[in-house]
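Below: one structure, written as C-alpha coordinates.
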2 protein chains.
Amino acid sequence: MSRFSFNQITAKHWELTDMVKGLVESGVDKVALWREPVAEYGLERSAALVRDAGLEVTTLCRSGFFQADGWLDDNRRAIDEAAALNTKVLVLVSGGLKEGSKDIAGARQHVADAIAQLVPHAAAAGVTLAIEPLHPMYAADRCVINTWDQAMAIAEQHPVGQVGVTVDTYHLWWDDTALEKIAAAGERVAIYQLADWITPLPAGVLTGRGLPGDGCVDMRSFHEAVAKTGYTGPIEVEVMNEELWQLPGREILAKTIAGYQSII
Amino acid sequence: MSRFSFNQITAKHWELTDMVKGLVESGVDKVALWREPVAEYGLERSAALVRDAGLEVTTLCRSGFFQADGWLDDNRRAIDEAAALNTKVLVLVSGGLKEGSKDIAGARQHVADAIAQLVPHAAAAGVTLAIEPLHPMYAADRCVINTWDQAMAIAEQHPVGQVGVTVDTYHLWWDDTALEKIAAAGERVAIYQLADWITPLPAGVLTGRGLPGDGCVDMRSFHEAVAKTGYTGPIEVEVMNEELWQLPGREILAKTIAGYQSII
(Lines give C-alpha, C1' and ligand atoms only; values in the text may rest on other atoms or scores of the structure.)
Protein backbone atom coordinates (compact mmCIF):
# COMPACT_ATOMS: atom_id res chain seq x y z
CA MET A 1 0.00 0.00 0.00
CA SER A 2 3.00 2.31 0.19
CA ARG A 3 2.36 3.69 -3.30
CA PHE A 4 -1.42 3.89 -3.11
CA SER A 5 -3.03 7.28 -3.61
CA PHE A 6 -6.76 7.89 -3.42
CA ASN A 7 -8.00 10.17 -6.17
CA GLN A 8 -10.71 12.41 -4.79
CA ILE A 9 -13.02 12.03 -7.79
CA THR A 10 -13.44 8.34 -6.91
CA ALA A 11 -15.63 9.53 -4.01
CA LYS A 12 -17.00 12.62 -5.70
CA HIS A 13 -19.58 13.43 -3.04
CA TRP A 14 -17.38 12.78 0.02
CA GLU A 15 -16.73 16.05 1.79
CA LEU A 16 -13.08 17.02 1.87
CA THR A 17 -12.76 17.08 5.65
CA ASP A 18 -14.50 13.70 5.97
CA MET A 19 -12.33 12.25 3.24
CA VAL A 20 -9.12 13.39 4.90
CA LYS A 21 -10.29 11.86 8.18
CA GLY A 22 -11.27 8.63 6.44
CA LEU A 23 -7.95 8.36 4.64
CA VAL A 24 -5.93 8.90 7.79
CA GLU A 25 -8.00 6.34 9.71
CA SER A 26 -7.42 3.83 6.93
CA GLY A 27 -3.69 4.42 6.98
CA VAL A 28 -3.66 6.03 3.54
CA ASP A 29 -1.08 8.80 3.28
CA LYS A 30 -1.54 9.97 -0.31
CA VAL A 31 -4.37 11.74 -2.04
CA ALA A 32 -5.02 13.36 -5.41
CA LEU A 33 -7.16 16.46 -5.18
CA TRP A 34 -9.49 18.15 -7.65
CA ARG A 35 -9.57 21.86 -8.18
CA GLU A 36 -13.31 22.36 -7.71
CA PRO A 37 -13.67 20.88 -4.19
CA VAL A 38 -10.39 22.52 -3.17
CA ALA A 39 -11.72 25.91 -4.32
CA GLU A 40 -14.96 25.28 -2.51
CA TYR A 41 -13.21 24.53 0.81
CA GLY A 42 -10.63 27.23 0.16
CA LEU A 43 -7.15 26.75 -1.22
CA GLU A 44 -5.19 27.70 1.88
CA ARG A 45 -7.56 25.82 4.19
CA SER A 46 -7.29 22.72 1.97
CA ALA A 47 -3.52 22.95 1.93
CA ALA A 48 -3.44 23.22 5.74
CA LEU A 49 -5.94 20.41 6.12
CA VAL A 50 -3.94 17.86 4.13
CA ARG A 51 -0.62 19.06 5.53
CA ASP A 52 -1.80 18.76 9.11
CA ALA A 53 -3.14 15.29 8.35
CA GLY A 54 0.23 14.23 6.98
CA LEU A 55 -1.16 13.57 3.52
CA GLU A 56 0.96 13.89 0.42
CA VAL A 57 -0.94 15.41 -2.51
CA THR A 58 0.18 13.32 -5.46
CA THR A 59 -1.53 15.36 -8.18
CA LEU A 60 -3.89 18.24 -8.64
CA CYS A 61 -6.60 17.37 -11.16
CA ARG A 62 -7.03 19.08 -13.49
CA SER A 63 -6.25 21.94 -15.75
CA GLY A 64 -5.90 22.31 -19.50
CA PHE A 65 -9.07 22.80 -21.59
CA PHE A 66 -7.14 24.96 -23.97
CA GLN A 67 -10.07 25.48 -26.31
CA ALA A 68 -11.81 27.62 -23.69
CA ASP A 69 -11.67 31.38 -23.44
CA GLY A 70 -9.34 32.46 -20.66
CA TRP A 71 -7.32 29.24 -20.76
CA LEU A 72 -4.03 30.97 -20.09
CA ASP A 73 -5.04 32.71 -16.88
CA ASP A 74 -6.91 29.67 -15.66
CA ASN A 75 -3.94 27.39 -16.22
CA ARG A 76 -1.60 29.79 -14.50
CA ARG A 77 -3.94 29.79 -11.51
CA ALA A 78 -3.96 26.00 -11.54
CA ILE A 79 -0.17 25.92 -11.40
CA ASP A 80 -0.25 28.27 -8.43
CA GLU A 81 -2.87 26.10 -6.74
CA ALA A 82 -0.71 23.02 -7.24
CA ALA A 83 2.25 24.80 -5.71
CA ALA A 84 0.14 25.96 -2.77
CA LEU A 85 -0.95 22.38 -2.13
CA ASN A 86 2.69 21.29 -2.30
CA THR A 87 1.79 19.08 -5.26
CA LYS A 88 4.51 18.31 -7.73
CA VAL A 89 2.19 17.26 -10.56
CA LEU A 90 -0.63 19.09 -12.31
CA VAL A 91 -2.68 16.89 -14.62
CA LEU A 92 -3.58 18.47 -17.95
CA VAL A 93 -6.62 17.45 -19.97
CA SER A 94 -6.29 19.29 -23.24
CA GLY A 95 -9.92 20.05 -23.98
CA GLY A 96 -11.81 19.26 -27.16
CA LEU A 97 -12.72 21.09 -30.34
CA LYS A 98 -14.16 24.57 -30.32
CA GLU A 99 -17.88 24.65 -31.00
CA GLY A 100 -18.47 23.91 -34.68
CA SER A 101 -14.82 23.21 -35.50
CA LYS A 102 -13.70 20.31 -37.69
CA ASP A 103 -10.03 21.15 -37.31
CA ILE A 104 -8.65 18.59 -34.90
CA ALA A 105 -5.12 18.96 -36.25
CA GLY A 106 -5.27 22.67 -35.53
CA ALA A 107 -6.62 22.04 -32.05
CA ARG A 108 -3.75 19.67 -31.35
CA GLN A 109 -1.19 22.21 -32.50
CA HIS A 110 -2.82 24.79 -30.23
CA VAL A 111 -2.40 22.43 -27.27
CA ALA A 112 1.30 22.11 -27.96
CA ASP A 113 1.64 25.88 -28.26
CA ALA A 114 -0.38 26.49 -25.10
CA ILE A 115 1.73 24.10 -23.06
CA ALA A 116 4.89 25.77 -24.32
CA GLN A 117 3.46 29.06 -23.04
CA LEU A 118 2.79 27.56 -19.61
CA VAL A 119 6.10 25.81 -19.07
CA PRO A 120 8.09 28.78 -17.70
CA HIS A 121 5.44 29.49 -15.06
CA ALA A 122 5.20 25.80 -14.12
CA ALA A 123 8.95 25.37 -13.97
CA ALA A 124 9.30 28.43 -11.74
CA ALA A 125 6.65 26.97 -9.42
CA GLY A 126 8.31 23.55 -9.37
CA VAL A 127 5.24 21.90 -10.86
CA THR A 128 5.41 19.20 -13.54
CA LEU A 129 2.72 19.46 -16.21
CA ALA A 130 1.40 15.92 -16.75
CA ILE A 131 -0.29 15.72 -20.15
CA GLU A 132 -3.00 13.10 -20.00
CA PRO A 133 -3.92 11.34 -23.23
CA LEU A 134 -7.62 10.61 -22.96
CA HIS A 135 -9.41 7.77 -24.74
CA PRO A 136 -10.26 8.62 -28.36
CA MET A 137 -13.97 8.63 -27.50
CA TYR A 138 -13.31 12.01 -25.85
CA ALA A 139 -11.55 13.53 -28.88
CA ALA A 140 -14.37 15.89 -29.86
CA ASP A 141 -15.60 17.25 -26.57
CA ARG A 142 -13.01 16.70 -23.88
CA CYS A 143 -9.47 16.02 -25.04
CA VAL A 144 -7.88 16.09 -28.48
CA ILE A 145 -4.75 14.37 -27.15
CA ASN A 146 -5.69 10.70 -27.46
CA THR A 147 -2.58 8.59 -27.65
CA TRP A 148 0.64 8.09 -25.78
CA ASP A 149 2.53 9.22 -28.88
CA GLN A 150 0.71 12.52 -29.09
CA ALA A 151 1.32 13.33 -25.43
CA MET A 152 4.97 12.31 -25.61
CA ALA A 153 5.57 14.36 -28.75
CA ILE A 154 4.53 17.47 -26.83
CA ALA A 155 6.31 16.54 -23.60
CA GLU A 156 9.59 15.93 -25.39
CA GLN A 157 9.73 19.50 -26.56
CA HIS A 158 10.49 20.42 -22.94
CA PRO A 159 12.94 19.31 -20.26
CA VAL A 160 12.21 16.24 -18.17
CA GLY A 161 10.54 17.29 -14.94
CA GLN A 162 8.82 20.24 -16.55
CA VAL A 163 6.46 18.31 -18.81
CA GLY A 164 5.55 14.65 -18.44
CA VAL A 165 2.74 12.29 -19.35
CA THR A 166 -0.02 10.69 -17.30
CA VAL A 167 -0.34 6.91 -17.63
CA ASP A 168 -4.01 6.06 -17.11
CA THR A 169 -4.95 2.47 -17.80
CA TYR A 170 -8.52 3.41 -18.70
CA HIS A 171 -7.46 5.62 -21.56
CA LEU A 172 -4.62 3.57 -22.99
CA TRP A 173 -5.52 -0.11 -22.53
CA TRP A 174 -6.91 -0.61 -26.05
CA ASP A 175 -3.77 0.66 -27.80
CA ASP A 176 -1.58 -2.22 -28.95
CA THR A 177 1.42 0.09 -29.29
CA ALA A 178 1.17 1.88 -25.94
CA LEU A 179 2.81 -0.54 -23.51
CA GLU A 180 6.05 -0.77 -25.42
CA LYS A 181 6.24 2.99 -25.73
CA ILE A 182 5.40 3.58 -22.07
CA ALA A 183 8.15 1.14 -21.12
CA ALA A 184 10.61 3.24 -23.12
CA ALA A 185 9.44 6.60 -21.75
CA GLY A 186 11.81 6.78 -18.79
CA GLU A 187 11.34 9.81 -16.59
CA ARG A 188 8.48 11.15 -18.73
CA VAL A 189 5.98 9.16 -16.65
CA ALA A 190 4.70 11.88 -14.33
CA ILE A 191 1.90 9.94 -12.66
CA TYR A 192 0.30 6.51 -12.92
CA GLN A 193 -3.47 6.13 -12.57
CA LEU A 194 -5.64 3.04 -12.47
CA ALA A 195 -9.20 2.52 -13.62
CA ASP A 196 -10.74 -0.46 -15.34
CA TRP A 197 -12.80 -0.68 -18.52
CA ILE A 198 -16.32 -1.98 -18.09
CA THR A 199 -19.22 -2.12 -20.51
CA PRO A 200 -21.79 -1.07 -21.49
CA LEU A 201 -20.70 2.55 -21.47
CA PRO A 202 -23.18 5.02 -20.00
CA ALA A 203 -24.55 8.05 -21.88
CA GLY A 204 -21.86 10.70 -22.11
CA VAL A 205 -19.23 7.96 -21.49
CA LEU A 206 -17.72 9.78 -18.51
CA THR A 207 -19.00 7.97 -15.46
CA GLY A 208 -18.82 4.29 -16.32
CA ARG A 209 -15.31 3.38 -15.19
CA GLY A 210 -14.57 0.34 -13.10
CA LEU A 211 -12.49 -0.22 -9.99
CA PRO A 212 -9.21 -2.01 -10.70
CA GLY A 213 -9.92 -5.67 -11.33
CA ASP A 214 -13.57 -5.18 -12.25
CA GLY A 215 -12.98 -4.89 -15.99
CA CYS A 216 -10.96 -6.17 -18.91
CA VAL A 217 -7.73 -4.22 -18.55
CA ASP A 218 -4.61 -6.34 -18.23
CA MET A 219 -3.17 -4.39 -15.30
CA ARG A 220 -0.18 -6.69 -14.92
CA SER A 221 1.17 -5.66 -18.33
CA PHE A 222 0.76 -2.01 -17.41
CA HIS A 223 2.68 -2.48 -14.18
CA GLU A 224 5.50 -4.17 -16.05
CA ALA A 225 5.65 -1.38 -18.61
CA VAL A 226 5.60 1.36 -15.98
CA ALA A 227 8.19 -0.48 -13.87
CA LYS A 228 10.55 -0.56 -16.84
CA THR A 229 10.61 3.24 -16.88
CA GLY A 230 12.02 3.29 -13.38
CA TYR A 231 8.92 5.07 -12.08
CA THR A 232 8.47 4.24 -8.40
CA GLY A 233 6.05 7.05 -7.55
CA PRO A 234 2.46 6.98 -6.41
CA ILE A 235 -0.25 4.91 -8.04
CA GLU A 236 -3.58 6.66 -8.00
CA VAL A 237 -6.90 4.94 -8.30
CA GLU A 238 -9.14 7.35 -10.19
CA VAL A 239 -12.58 5.99 -10.95
CA MET A 240 -15.63 7.91 -12.11
CA ASN A 241 -18.66 5.76 -11.66
CA GLU A 242 -22.20 6.91 -10.98
CA GLU A 243 -23.13 3.81 -8.96
CA LEU A 244 -19.97 3.92 -6.89
CA TRP A 245 -20.56 7.61 -6.15
CA GLN A 246 -23.88 6.75 -4.50
CA LEU A 247 -22.10 4.82 -1.72
CA PRO A 248 -20.81 6.38 1.53
CA GLY A 249 -17.24 7.65 1.23
CA ARG A 250 -15.79 5.10 3.63
CA GLU A 251 -17.33 2.29 1.66
CA ILE A 252 -15.95 3.67 -1.59
CA LEU A 253 -12.50 3.93 -0.02
CA ALA A 254 -12.68 0.35 1.24
CA LYS A 255 -13.70 -0.90 -2.19
CA THR A 256 -10.97 1.15 -3.84
CA ILE A 257 -8.32 -0.26 -1.54
CA ALA A 258 -9.61 -3.79 -2.13
CA GLY A 259 -9.50 -3.25 -5.89
CA TYR A 260 -5.99 -1.86 -5.69
CA GLN A 261 -4.78 -4.75 -3.57
CA SER A 262 -6.37 -7.27 -5.91
CA ILE A 263 -4.04 -6.24 -8.68
CA ILE A 264 -0.93 -4.78 -7.06
CA MET B 1 -24.29 10.90 -56.94
CA SER B 2 -22.72 8.25 -59.17
CA ARG B 3 -20.76 6.74 -56.26
CA PHE B 4 -23.43 7.06 -53.57
CA SER B 5 -24.58 3.86 -51.87
CA PHE B 6 -27.28 3.77 -49.22
CA ASN B 7 -26.38 1.51 -46.31
CA GLN B 8 -29.50 -0.29 -45.13
CA ILE B 9 -28.78 0.23 -41.42
CA THR B 10 -29.23 3.99 -41.92
CA ALA B 11 -32.96 3.25 -42.19
CA LYS B 12 -33.05 0.28 -39.88
CA HIS B 13 -36.83 -0.03 -39.72
CA TRP B 14 -37.52 0.50 -43.45
CA GLU B 15 -38.80 -2.70 -44.95
CA LEU B 16 -36.55 -4.14 -47.62
CA THR B 17 -39.13 -4.01 -50.43
CA ASP B 18 -40.08 -0.43 -49.54
CA MET B 19 -36.45 0.56 -49.38
CA VAL B 20 -35.69 -0.88 -52.80
CA LYS B 21 -38.66 0.98 -54.25
CA GLY B 22 -37.62 4.20 -52.52
CA LEU B 23 -34.05 3.94 -53.77
CA VAL B 24 -35.11 3.33 -57.36
CA GLU B 25 -37.56 6.23 -57.27
CA SER B 26 -34.81 8.48 -55.96
CA GLY B 27 -32.43 7.43 -58.71
CA VAL B 28 -30.10 5.62 -56.32
CA ASP B 29 -28.54 2.54 -57.89
CA LYS B 30 -26.36 1.20 -55.05
CA VAL B 31 -27.21 -0.28 -51.69
CA ALA B 32 -25.37 -2.00 -48.84
CA LEU B 33 -27.38 -4.77 -47.24
CA TRP B 34 -27.33 -6.26 -43.75
CA ARG B 35 -27.48 -9.96 -43.13
CA GLU B 36 -30.38 -9.96 -40.67
CA PRO B 37 -33.01 -8.25 -42.86
CA VAL B 38 -31.78 -10.24 -45.87
CA ALA B 39 -32.27 -13.48 -43.96
CA GLU B 40 -35.68 -12.33 -42.81
CA TYR B 41 -36.86 -11.62 -46.36
CA GLY B 42 -35.03 -14.66 -47.69
CA LEU B 43 -31.61 -14.72 -49.34
CA GLU B 44 -32.71 -15.73 -52.83
CA ARG B 45 -35.72 -13.43 -52.76
CA SER B 46 -33.53 -10.54 -51.61
CA ALA B 47 -31.02 -11.25 -54.37
CA ALA B 48 -33.79 -11.30 -56.97
CA LEU B 49 -35.38 -8.14 -55.56
CA VAL B 50 -32.25 -6.02 -55.82
CA ARG B 51 -31.23 -7.56 -59.15
CA ASP B 52 -34.62 -6.89 -60.71
CA ALA B 53 -34.48 -3.32 -59.40
CA GLY B 54 -31.10 -2.81 -61.04
CA LEU B 55 -29.40 -2.18 -57.71
CA GLU B 56 -25.75 -2.95 -57.15
CA VAL B 57 -25.07 -4.38 -53.69
CA THR B 58 -21.88 -2.62 -52.64
CA THR B 59 -21.29 -4.58 -49.42
CA LEU B 60 -22.89 -7.14 -47.21
CA CYS B 61 -22.73 -6.07 -43.57
CA ARG B 62 -21.51 -7.85 -41.59
CA SER B 63 -19.72 -10.92 -40.47
CA GLY B 64 -16.78 -11.58 -38.15
CA PHE B 65 -17.41 -11.74 -34.38
CA PHE B 66 -14.67 -14.29 -34.08
CA GLN B 67 -14.97 -14.55 -30.31
CA ALA B 68 -18.33 -16.28 -30.69
CA ASP B 69 -18.92 -20.01 -30.74
CA GLY B 70 -19.55 -21.22 -34.27
CA TRP B 71 -17.72 -18.30 -35.87
CA LEU B 72 -16.24 -20.41 -38.65
CA ASP B 73 -19.49 -21.81 -39.97
CA ASP B 74 -21.23 -18.49 -39.59
CA ASN B 75 -18.55 -16.65 -41.52
CA ARG B 76 -18.57 -19.23 -44.30
CA ARG B 77 -22.32 -18.75 -44.58
CA ALA B 78 -21.81 -14.99 -44.75
CA ILE B 79 -19.39 -15.40 -47.64
CA ASP B 80 -21.94 -17.55 -49.47
CA GLU B 81 -24.62 -14.95 -48.80
CA ALA B 82 -22.41 -12.21 -50.22
CA ALA B 83 -21.82 -14.29 -53.34
CA ALA B 84 -25.53 -14.99 -53.70
CA LEU B 85 -26.25 -11.25 -53.54
CA ASN B 86 -23.55 -10.66 -56.15
CA THR B 87 -21.69 -8.52 -53.60
CA LYS B 88 -17.97 -8.26 -54.01
CA VAL B 89 -17.32 -7.07 -50.45
CA LEU B 90 -18.13 -8.64 -47.09
CA VAL B 91 -17.52 -6.32 -44.13
CA LEU B 92 -15.88 -7.97 -41.12
CA VAL B 93 -16.29 -6.68 -37.58
CA SER B 94 -13.92 -8.74 -35.52
CA GLY B 95 -15.87 -9.07 -32.29
CA GLY B 96 -14.69 -8.22 -28.81
CA LEU B 97 -13.20 -10.09 -25.90
CA LYS B 98 -14.62 -13.34 -24.65
CA GLU B 99 -16.61 -12.95 -21.44
CA GLY B 100 -14.20 -12.37 -18.56
CA SER B 101 -11.09 -12.21 -20.72
CA LYS B 102 -8.35 -9.61 -20.24
CA ASP B 103 -6.29 -10.91 -23.16
CA ILE B 104 -6.82 -8.40 -25.95
CA ALA B 105 -3.52 -9.31 -27.61
CA GLY B 106 -4.64 -12.92 -27.78
CA ALA B 107 -8.02 -11.92 -29.17
CA ARG B 108 -6.30 -9.92 -31.88
CA GLN B 109 -4.09 -12.81 -32.85
CA HIS B 110 -7.16 -15.04 -33.04
CA VAL B 111 -8.76 -12.59 -35.48
CA ALA B 112 -5.74 -12.79 -37.77
CA ASP B 113 -5.80 -16.58 -37.59
CA ALA B 114 -9.54 -16.74 -38.21
CA ILE B 115 -9.33 -14.52 -41.27
CA ALA B 116 -6.52 -16.68 -42.66
CA GLN B 117 -8.84 -19.67 -42.29
CA LEU B 118 -11.61 -17.88 -44.19
CA VAL B 119 -9.57 -16.56 -47.09
CA PRO B 120 -9.64 -19.66 -49.32
CA HIS B 121 -13.43 -19.87 -49.10
CA ALA B 122 -13.82 -16.14 -49.77
CA ALA B 123 -11.37 -16.19 -52.66
CA ALA B 124 -13.18 -19.13 -54.26
CA ALA B 125 -16.44 -17.21 -53.93
CA GLY B 126 -14.95 -14.04 -55.40
CA VAL B 127 -15.66 -12.09 -52.22
CA THR B 128 -13.23 -9.59 -50.69
CA LEU B 129 -13.08 -9.65 -46.89
CA ALA B 130 -13.12 -6.02 -45.75
CA ILE B 131 -11.72 -5.80 -42.23
CA GLU B 132 -13.30 -2.84 -40.47
CA PRO B 133 -11.29 -1.16 -37.73
CA LEU B 134 -13.86 0.08 -35.22
CA HIS B 135 -13.37 3.00 -32.87
CA PRO B 136 -11.39 2.06 -29.74
CA MET B 137 -14.48 2.57 -27.59
CA TYR B 138 -15.70 -0.76 -28.99
CA ALA B 139 -12.50 -2.68 -28.17
CA ALA B 140 -13.96 -4.69 -25.30
CA ASP B 141 -17.38 -5.68 -26.53
CA ARG B 142 -17.56 -5.34 -30.29
CA CYS B 143 -14.26 -5.18 -32.14
CA VAL B 144 -10.68 -5.66 -31.01
CA ILE B 145 -9.35 -4.27 -34.30
CA ASN B 146 -9.29 -0.56 -33.60
CA THR B 147 -6.79 1.13 -35.88
CA TRP B 148 -5.96 1.31 -39.55
CA ASP B 149 -2.58 -0.23 -38.78
CA GLN B 150 -4.06 -3.28 -37.11
CA ALA B 151 -6.44 -3.95 -39.99
CA MET B 152 -3.76 -3.42 -42.61
CA ALA B 153 -1.32 -5.71 -40.80
CA ILE B 154 -3.83 -8.53 -41.16
CA ALA B 155 -4.90 -7.66 -44.71
CA GLU B 156 -1.32 -7.58 -45.95
CA GLN B 157 -0.83 -11.21 -45.06
CA HIS B 158 -3.10 -12.01 -48.01
CA PRO B 159 -3.30 -11.09 -51.69
CA VAL B 160 -4.91 -7.81 -52.74
CA GLY B 161 -8.54 -8.45 -53.63
CA GLN B 162 -8.88 -11.25 -51.12
CA VAL B 163 -8.55 -9.17 -47.94
CA GLY B 164 -8.94 -5.41 -47.74
CA VAL B 165 -9.84 -2.75 -45.19
CA THR B 166 -12.97 -0.67 -44.64
CA VAL B 167 -12.45 3.07 -44.39
CA ASP B 168 -15.16 4.42 -42.09
CA THR B 169 -14.81 8.07 -41.15
CA TYR B 170 -16.65 7.55 -37.86
CA HIS B 171 -14.12 5.05 -36.58
CA LEU B 172 -10.92 6.65 -37.81
CA TRP B 173 -11.39 10.41 -37.68
CA TRP B 174 -9.65 10.89 -34.31
CA ASP B 175 -6.42 9.12 -35.36
CA ASP B 176 -3.76 11.62 -36.37
CA THR B 177 -1.81 8.92 -38.21
CA ALA B 178 -4.68 7.38 -40.20
CA LEU B 179 -5.06 9.70 -43.17
CA GLU B 180 -1.48 9.40 -44.29
CA LYS B 181 -1.62 5.62 -44.01
CA ILE B 182 -4.93 5.37 -45.83
CA ALA B 183 -3.49 7.49 -48.63
CA ALA B 184 -0.66 4.97 -48.97
CA ALA B 185 -2.88 1.88 -48.83
CA GLY B 186 -3.50 1.55 -52.58
CA GLU B 187 -5.82 -1.25 -53.52
CA ARG B 188 -6.34 -2.33 -49.89
CA VAL B 189 -9.26 0.09 -49.57
CA ALA B 190 -12.17 -2.30 -50.05
CA ILE B 191 -15.00 0.08 -49.24
CA TYR B 192 -15.43 3.67 -48.08
CA GLN B 193 -18.16 4.55 -45.57
CA LEU B 194 -19.27 7.90 -44.20
CA ALA B 195 -20.73 8.82 -40.84
CA ASP B 196 -20.09 11.87 -38.73
CA TRP B 197 -19.09 12.17 -35.06
CA ILE B 198 -21.59 13.94 -32.84
CA THR B 199 -21.71 14.31 -29.06
CA PRO B 200 -22.83 13.55 -26.45
CA LEU B 201 -22.60 9.82 -27.08
CA PRO B 202 -25.65 7.79 -26.10
CA ALA B 203 -25.56 4.87 -23.64
CA GLY B 204 -23.95 1.87 -25.32
CA VAL B 205 -22.32 4.27 -27.82
CA LEU B 206 -23.74 2.46 -30.85
CA THR B 207 -26.59 4.60 -32.08
CA GLY B 208 -25.36 8.16 -31.84
CA ARG B 209 -23.75 8.68 -35.23
CA GLY B 210 -24.39 11.70 -37.36
CA LEU B 211 -25.22 12.16 -41.03
CA PRO B 212 -22.27 13.45 -43.05
CA GLY B 213 -21.81 17.13 -42.33
CA ASP B 214 -23.63 17.09 -38.99
CA GLY B 215 -20.53 16.48 -36.87
CA CYS B 216 -16.87 17.34 -36.47
CA VAL B 217 -15.23 14.99 -38.98
CA ASP B 218 -13.12 16.71 -41.60
CA MET B 219 -14.56 14.76 -44.53
CA ARG B 220 -12.56 16.68 -47.13
CA SER B 221 -9.29 15.30 -45.76
CA PHE B 222 -10.71 11.78 -45.85
CA HIS B 223 -11.76 12.20 -49.49
CA GLU B 224 -8.30 13.38 -50.41
CA ALA B 225 -6.66 10.44 -48.63
CA VAL B 226 -8.99 7.89 -50.22
CA ALA B 227 -8.58 9.51 -53.64
CA LYS B 228 -4.82 9.11 -53.37
CA THR B 229 -5.22 5.34 -53.17
CA GLY B 230 -6.88 5.29 -56.57
CA TYR B 231 -10.13 4.02 -55.07
CA THR B 232 -13.02 5.11 -57.27
CA GLY B 233 -15.62 2.69 -55.89
CA PRO B 234 -18.85 3.30 -54.03
CA ILE B 235 -19.17 5.62 -51.05
CA GLU B 236 -21.64 4.30 -48.53
CA VAL B 237 -23.42 6.42 -45.98
CA GLU B 238 -23.83 4.23 -42.92
CA VAL B 239 -25.39 5.97 -39.95
CA MET B 240 -26.82 4.38 -36.83
CA ASN B 241 -28.88 6.95 -35.01
CA GLU B 242 -31.88 6.32 -32.81
CA GLU B 243 -33.57 9.61 -33.67
CA LEU B 244 -33.01 9.20 -37.40
CA TRP B 245 -34.42 5.68 -37.23
CA GLN B 246 -37.73 7.05 -35.97
CA LEU B 247 -38.35 8.89 -39.26
CA PRO B 248 -40.09 7.37 -42.30
CA GLY B 249 -37.65 5.64 -44.67
CA ARG B 250 -38.10 8.11 -47.50
CA GLU B 251 -37.32 11.00 -45.20
CA ILE B 252 -34.19 9.25 -43.95
CA LEU B 253 -33.08 8.63 -47.52
CA ALA B 254 -33.66 12.27 -48.45
CA LYS B 255 -31.66 13.46 -45.44
CA THR B 256 -28.91 10.97 -46.23
CA ILE B 257 -28.64 12.15 -49.81
CA ALA B 258 -28.61 15.77 -48.66
CA GLY B 259 -25.84 15.00 -46.17
CA TYR B 260 -23.84 13.19 -48.82
CA GLN B 261 -24.20 16.02 -51.31
CA SER B 262 -23.22 18.59 -48.70
CA ILE B 263 -19.75 17.12 -48.46
CA ILE B 264 -19.06 15.35 -51.78
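Here B:GLU251 sits with roughly 80 square angstrom of accessible surface, probe radius 1.4 Å. Here the spin labels are modelled as points 7 Å beyond Cα on the Cα-Cβ line, and at B:LYS21 and A:ARG51 they lie 7.9 nm apart. For segment B:60-65, putting each phi into the Karplus relation 6.51 cos²θ - 1.76 cosθ + 1.60 with θ = phi - 60° gives couplings of 10, 10, 8, 10, x, 6 Hz, in residue order, rounded to whole numbers and with x for Gly and Pro.
Partners of A:LYS228 within straight-line reach, counting aspartates and glutamates whose Cα lies under 14 Å from its Cα and excluding those fewer than 8 residues away in the same chain: A:GLU180, A:GLU187. With Cα atoms defining each centre, segment B:134-158 and segment A:201-264 are spaced 26 Å apart in the structure. Take B:ARG3, move 7 Å from Cα toward the beta carbon, and the resulting point lies 5.0 nm from the same point in each other copy, nearest first.
When the Cα atoms of the protein assembly as shown are aligned to their principal axes, the ranges along those axes come out at 81, 44, 39 Å in descending order. In chain A, Cα pairs under 8 Å separated by at least six residues give a relative contact order of 20 percent.
Placing a label point 7 Å from Cα along the Cα-to-Cβ direction at B:LEU247 gives distances to the equivalent points in the other copies of 4.5 nm, listed shortest first. Accessible surface for B:ASP29 stands near 70 Å², nearest 10, in the context of the full protein assembly shown (1.4 Å probe).
For segment B:17-60, how big is Rg over Rh, using alpha carbon atoms and the Kirkwood form of Rh? Working shown, then result.
Values: Rg = 9.6 Å, Rh = 10.3 Å.
Here Rg/Rh amounts to 0.92.
For A:ALA82, neighbours were defined as the other residues whose beta-carbon sits under 12 Å from its Cβ, and their charges (Lys and Arg +1, Asp and Glu -1) total +3. B plus A alone minus the pair: what accessible area, both sides summed, probe 1.4 Å, in Å² to 100? Approximately 2200 Å² gets buried when B meets A.
Kirkwood radius for segment B:128-264, taken over all pairs of different Cα atoms as the inverse mean of 1/r, rounds to 15.4 Å. Heavy-atom accessible area with a 1.4 Å probe sorts B:LEU23, B:LEU97, largest first, into B:LEU97, B:LEU23.
Assigning unit charges at the beta carbon (Lys, Arg +1; Asp, Glu -1) and nothing else, what dipole magnitude in debye, to the nearest 20, does chain A show about its Cα centre?
Working: 22 positive and 35 negative charges, 60 e Å.
Dipole of chain A, to the nearest 20 debye: 280 debye.
Among residues other than B:GLU56 whose Cβ falls under 9 Å from its Cβ, what is the net charge (Lys/Arg +1, Asp/Glu -1)?
Every neighbour counted, the sum reads 0.
Principal axis extents of the C-alpha atoms in segment A:74-119 (largest first, rounded to whole Å): 39, 19, 14. Debye sum, Cα scatterers, chain B, no solvent: what log₁₀ I/I(0) at q = 0.07, 0.09, 0.10 1/Å? Treating every Cα as an identical point scatterer, log10 I(q)/I(0) equals -0.22, -0.36, -0.45.
Over every pair of different alpha-carbon atoms in segment A:35-185, take the mean of 1/r and invert it; report that Kirkwood radius in Å. For segment A:35-185, the Kirkwood estimate is 15.8 Å. Calculated accessible area for segment B:152-264 comes out at 39 Å² per residue, all protein chains present (probe 1.4 Å; ligands, DNA, RNA ignored). Positive end of the dipole of segment B:113-217 (Cβ unit charges, origin at the Cα centre): among B:TRP174, B:MET137, B:ALA203, the Cα lying farthest that way belongs to B:ALA203.
Give me the tail of P(r) for segment B:185-236 as a percent: Cα-Cα pairs with distance above 14 Å.
Numbers: 760 of 1326 pairs.
Result for the distance tail: 57 percent.
Shape analysis of segment B:61-150 yields a ratio of the Cα radius of gyration to the Kirkwood radius, Rg/Rh, of 0.97. Within the assembled protein chains, the solvent-accessible surface assigned to B:LYS228 is about 150 Å², based on a 1.4 Å probe. Measuring spread by the Cα atoms of segment A:1-77 yields a radius of gyration and Dmax of 13.4, 42 Å.
Shortest first, B:GLU99 label-point distances to identical copies amount to 4.7 nm, with the label point at 7 Å from Cα along Cα→Cβ.
The values are calculated or read from the model by the stated rules, or taken from the named source; none is laboratory data. Because the structure is predicted, anything quoted here is derived from the model rather than measured. FYI the Cβ positions are ideal-geometry reconstructions off the backbone, even for glycines, and counts take in every protein chain you see. For the accessible areas, the whole protein counts, side chains as well, though only heavy atoms, and no ligand, DNA or RNA atoms are used. Shrake-Rupley method; radii C 1.70, N 1.55, O 1.52, S 1.80 Å.
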